[in-house]
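What follows draws every value from the coordinates through simple rules; no lab data is involved. Note that the structure is predicted; figures quoted are calculated from it, not measured. Virtual Cβ from ideal backbone geometry, glycine too; neighbours counted across all protein chains shown.
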Amino acid sequence: MACKRGALIVLEGVDKAGKTTQCKKLVQTLQQSGRAAEMMRFPDRTTTIGQLISAYLEKKSDLEDHTVHLLFSANRWELVPLMKKKLEQGTTLVVDRYAFSGAAFTSAKPGFCLDWCMQPDVGLPKPDLVMFLQLNPAEAALRGQFGEERYENRTFQRTVQQRFEELMKDSSVNWQVIDASQSVEEVHRNITNHSLNAINVAQNQPLGELWK
Ligand code: Z5A
Ligand code: MG
């Protein structure tokens, strides 16, 4: 019998919502229960394209807004062959940000509409589950000040949140909103439950195409 495919699980959310913390914990828990699981993150700053993005985020370089949007998308597409291979081999991928961050962040800039921002990512592997870690700005502020990177300011993040809310209206994507104000352990329990369900469902379904 062919091996059952892994699930594509994405964590999204505003700054400091706990995405990276929760991705790591989820991978650990899945591995400890004997399931093959790996973490990925976007942007993946290790590739040639990722290094261009990283320099832009660190404000070491300036890039035209459309150009950097397409680079973020290209950074996902360049990893698609690897993602598909791992999923086919039965490995569940836990992904820290994906195309939803791409569309939400660029469309928060003046002169960009959500639809244009989504187009370059149409057809990417479709996540079996997208968990949006919801955290209000006051609670996020308690987790530390914004850093030095681009986009790390309150007004911009508020617009990003609104764009995420628009994206969550799309019922073709399996969105789950997670209360990220709870303790790390409580959030983890919630995320693990949703993920185990998604893994069970995904193994009997073909991988979909995003926004198609
Ligand atoms: N971007 C884009 O424009 N286009 C794209 O296509 C993509 C991304 C993919 C870099 O992303 C930027 O790129 C980002 C979007 C843009 N810009 N912004 N803003 P990144 O993923 O590298 O950003 P990050 O800085 O790693 O992630 P983050 O959003 O700031 O944080 P997080 O991963 O959600 O949270 P965390 O690091 O797990 O936790 C933050 C702190 O809170 C930390 O001290 C934790 O210990 C603490 N924490 C976590 N959970 C809890 C709970 N439950 N209670 C209390 N404290 C907690
Ligand atoms: Mg993070």
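Annotation: amide H-H contacts under 5 Å for MET40 (H modelled 1.01 Å from N, sequence separation of 5 or more, or interchain): VAL94, VAL95, ASP96.
Per-residue packing, averaged as other Cβ atoms within 10 Å, sorts the ranges 173-183, 12-22 into the order 12-22, 173-183, beginning with the highest.
Taking the longest Cα principal axis of the chain as reference, the axis of helix 19-32 is set at about 10 degrees. Given a Förster distance of 25 angstrom, what is the FRET efficiency for ARG154 paired with THR47, based on the Cβ-Cβ distance and rounded to 0.05? Computed FRET efficiency for ARG154 and THR47 comes out at 0.20.
Counting only aspartates and glutamates at least 8 places from LYS59 when in the same chain, those with an alpha carbon closer than 14 Å to its own are GLU148, GLU149, GLU152. Excluding same-chain neighbours fewer than eight residues apart, the aspartates and glutamates reachable from LYS126 by a Cα-Cα span under 20 Å are GLU12, GLU38, ASP44, GLU78, GLU88, ASP96, ASP115, GLU165, GLU166, ASP170, GLU209.
Only the Cβ atoms of Lys and Arg (+1) and of Asp and Glu (-1) were treated as charged; on that basis the dipole of the chain about its Cα centre amounts to roughly 500 debye.
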